[in-house]
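Here's the structure we're looking at; comments come further down.
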Amino acid sequence: MPTFFLIIFLGAAGAYAIAHGKTALSTALLASAAALLLGVISAFRRPAHDSPVETAAVETSTGQRAATWFPIFRSSAILAALVVGLSVVVLVASVALSARLIFLHDYNPLFLIVLLGIALIGCGIFLMFRGLRMARIAATAQDPGVYLTRSRIVLYGSRGMHEIYWNDVSSIEAADPPRQQPLGKRGPAWILVTCKEDGKPGPPLPGPNKGLCGLLVQVHELAANPDALLRTLAHYLQHPEERAELGTDSALATVAGLGPDAQGRSAAA
């Protein structure tokens, strides 16, 4: 809902700027509104139901491996290209507007002009990163998702390809950042796979885990059920002897049999 209000505000402000002959300002505002609208369209293109877990082959750092695959939504390449293009328009228009207001006109107070320029340029940079993440998922040859192999966990997502070996994993947990919806409600919560201090280096983790290495799975990108992924990761971390079945139909049966109380039963056992 806040995104819709922001789109309406930017569109109305852009129309007002056009009516008053402010070409650079209206271009930046309308391009920002259009890019945000494309992001919303991309989100609503996702299917309403969870995608099934499947057996698939995955390219790792040491070659192709059989894996149990939890899919991630594949972004539209056209929408990603449009968002990146609009972000470039926002940046160019914002820089041009800021230069004109600061150096060619004597507007006061100056700090408000500087704040406006910073806000518009920051919006352009945000949209650029958003578009590049969409493009990264859209352009990858490997189907995006979380792949569980016998030896490692592999993630193909908006931040590229990362992997971590099971033997290097220290913990798997759900993380709900402030003001975000909890895991399982399709909000932008996280699944954190943290590696041991003496394990192989991995990508840095954000938030309270900043400085640690591991994998960050963003729930809003997942097409598969996030709760099922969390339970499956925890199960194979606690039962290393069963990892040999990953990449086979036996693993699919195990995933299907892991209910919400499976972790409690395993801990009690």
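Brief remarks follow.
- Point-to-point label distance, Gln142-Val114, nm (Cα→Cβ direction, 7 Å offset): 4.6 nm
- Distance from the Cα centroid of the range 55-82 to that of the range 13-50 is 29 Å (rounded to whole angstrom).
- Remark: the His239-Phe44 segment gains 66.4 nm on full extension, using 0.36 nm per residue and subtracting the alpha carbon distance.
- J(HN,Hα) series, the range 160-175, from Karplus relation 6.51 cos²θ - 1.76 cosθ + 1.60, nearest Hz, glycine and proline x: x, 9, 9, 9, 8, 6, 3, 5, 9, 7, 9, 7, 9, 8, 8, 10
- Our estimate of slack between Ala66 and Phe129, defined as 0.36 nm per intervening residue step minus the Cα-Cα distance, is 19.5 nm.
- The calculated pair-distance distribution of the range 1-155 uses every alpha carbon pair, bins of 5 angstrom beginning at 0, and gives 2, 9, 14, 16, 14, 11, 9, 7, 6, 5, 4, 2, 1, 0 percent.
No lab work stands behind these numbers, since they all come straight from the coordinates. Since we're looking at a predicted model, the values are computed, not measured. Positions of Cβ are backbone-derived with ideal geometry, glycine not excepted, and every protein chain shown enters the neighbour counts.
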